Amino acid sequence: MKIDTHQHFWKYNDGEYVWMSATMDRLRRDHLPAHLAPLMAGAGIGGTVAVQARQTLEESQWLLRLAEEHTFIRAVVGWVDLCSEDVSEELEQLTQHPKFRGVRHVVHDEPDDEFMLQQSFLEGFSKLEEFGLTYDLLLFPRHLSVACNVVNRFPNQSFVLDHIAKPPVRAKEIDGWANDLKRLAAFPNVSCKISGLVTEAQWDGWTREDFEPYIDVVLNAFGTHRIMVGSDWPVCTLAADYKSVIELEASYIRRLSKDEQRAIWEENPVKFYSIPGDA
């Protein structure tokens, strides 16, 4: 089974999705499991990991309800307020659901680049290992050094870097991002999602060759046993349809051995998110 480790759902409204600008009209509508399922079938994808798009507990609970209704949602990465004094109680409630497997915070939208280093966040973060939860790092390149600091404090916590930290593909800049990404990859408890690439390039004019140097860096830094694939649907539709995004990533992975391909598409996400075989 090929697993798409990064996609979102939402029922659109202006109040909760203010980040969707006027240039993102195609996102400003409902995107639900019924819309995604036929796209997955057409791209040969058998399961997904649904990732939070709103920073509310209701979002986590809603995604879990969707996961109960749709078996192709194999795991949920939700949100909790890690700075809250109630974080342990909230995590205990959410982890009653077997598909609640990880937490994410939209760090790259925080005005403070060192948001993750505040004491209240670190104290809340320390609870994740106790509940067996992973953490998705949503960063811009400038946050990679801060991420290294955080990861260094939690050597037993499982991390995954979303969207390879959104490198400056449009500008064709690579060195600064690559150096910091390699520092993060040196920590053995960090994995990486090859995801979110097309929206970092020219939306209406990208080619596969635009991304190869960046994926080369990721592959060399993380190796084939700490890499996963994600579509970032429906955000990816700003620059490409679902099948084109999956094929972009698949075309690169095909140059690897069959065992390496199976690790990236299935074994790594199953292990990282503790996805049961009978889900």
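The values are calculated or read from the model by the stated rules, or taken from the named source; none is laboratory data. The structure displayed is predicted, hence computed values, not measured ones. Methodologically, a virtual Cβ is constructed for each residue, glycine included, from the backbone with ideal geometry; neighbour enumeration extends over all protein chains shown.
Yes/no per residue for (1) aromatic (Phe, Trp, Tyr); (2) in a helix (DSSP H, G or I); (3) under 18 Å from the mean Cα position of the chain (by Cα):
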position	(1), (2), (3)
216	no, yes, no
219	no, yes, yes
252	yes, yes, no
256	no, no, no
262	no, yes, no
Please indicate, with yes or no, whether at least one residue in segment 191-201 is closer than 16 Å to residue 48 by Cα, basic (Lys, Arg), modelled with pLDDT of 95 or more and in contact with a helix residue (DSSP H, G or I) (Cβ under 8 Å, 6 or more places away or on another chain). yes
Going through (1) of a type in the set (Asp, Glu); (2) over 20 Å from the mean Cα position of the chain (by Cα); (3) buried (at least 19 other Cβ atoms within 10 Å of the Cβ) one by one, residue 4 fails only at (2)
Would you say residue 217 is of a type in the set (Val, Ile, Thr), closer than 20 Å to residue 170 by Cα and either surrounded by 22 or more Cβ atoms within 10 Å (Cβ to Cβ) or in contact with an Asp or Glu (Cβ under 8 Å, 6 or more places away or on another chain) (or both)? no
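Every residue in segment 115-132 that is among the polar types (S, T, N, Q) and either touching a His at 6+ places or on another chain (Cβ under 8 Å) or not in a loop (DSSP other than H, G, I, E, B) (or both), please. Walk me through it before giving the result.
In the first step, residues of segment 115-132 are kept if they are among the polar types (S, T, N, Q); the result is 118-120, 126.
Of everything in segment 115-132, those that are among the polar types (S, T, N, Q) and either touching a His at 6+ places or on another chain (Cβ under 8 Å) or not in a loop (DSSP other than H, G, I, E, B) (or both) turn out to be 119, 120.
Hey, does segment 21-42 have a residue that's hydrophobic (A, V, I, L, M, F, W, C) and in contact with a Lys or Arg (Cβ under 6 Å, 6 or more places away or on another chain)? Write out each step before concluding.
Start the filter on segment 21-42 by keeping residues that are hydrophobic (A, V, I, L, M, F, W, C), which leaves 22, 24, 27, 32, 34, 36-37, 39-41.
When the remaining residues are screened for being in contact with a Lys or Arg (Cβ under 6 Å, 6 or more places away or on another chain), the result is none.
For segment 21-42, residues hydrophobic (A, V, I, L, M, F, W, C) and in contact with a Lys or Arg (Cβ under 6 Å, 6 or more places away or on another chain): absent.
Across segment 17-38, what is the total count of residues that are aliphatic (A, V, I, L, M) and assigned to a helix (DSSP H, G or I)? Even if it seems obvious, please write down each step before you answer.
So in segment 17-38, the residues aliphatic (A, V, I, L, M) come out as 18, 20, 22, 24, 27, 32, 34, 36-37.
Narrowing the set further to residues that are assigned to a helix (DSSP H, G or I) leaves 22, 24, 27, 34, 36-37.
Qualifying residue count for the region: 6.
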If you go through segment 193-207 one residue at a time, do you hit one that is over 24 Å from residue 23 (Cβ atoms), buried (at least 21 other Cβ atoms within 10 Å of the Cβ) and in contact with a Phe, Trp or Tyr (Cβ under 9 Å, 6 or more places away or on another chain)? yes
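Which residues, taken from segment 124-158, are over 27 Å from residue 179 (Cα atoms), surrounded by fewer than 20 Cβ atoms within 10 Å (Cβ to Cβ) and in contact with an Asp or Glu (Cβ under 9 Å, 6 or more places away or on another chain)? It would help to see each step written out before you state the result.
Just the residues of segment 124-158 that are over 27 Å from residue 179 (Cα atoms), to begin with: 124, 126-133.
Now drop any that are not surrounded by fewer than 20 Cβ atoms within 10 Å (Cβ to Cβ), which leaves 126-127, 129-132.
The one that is over 27 Å from residue 179 (Cα atoms), surrounded by fewer than 20 Cβ atoms within 10 Å (Cβ to Cβ) and in contact with an Asp or Glu (Cβ under 9 Å, 6 or more places away or on another chain): 131.
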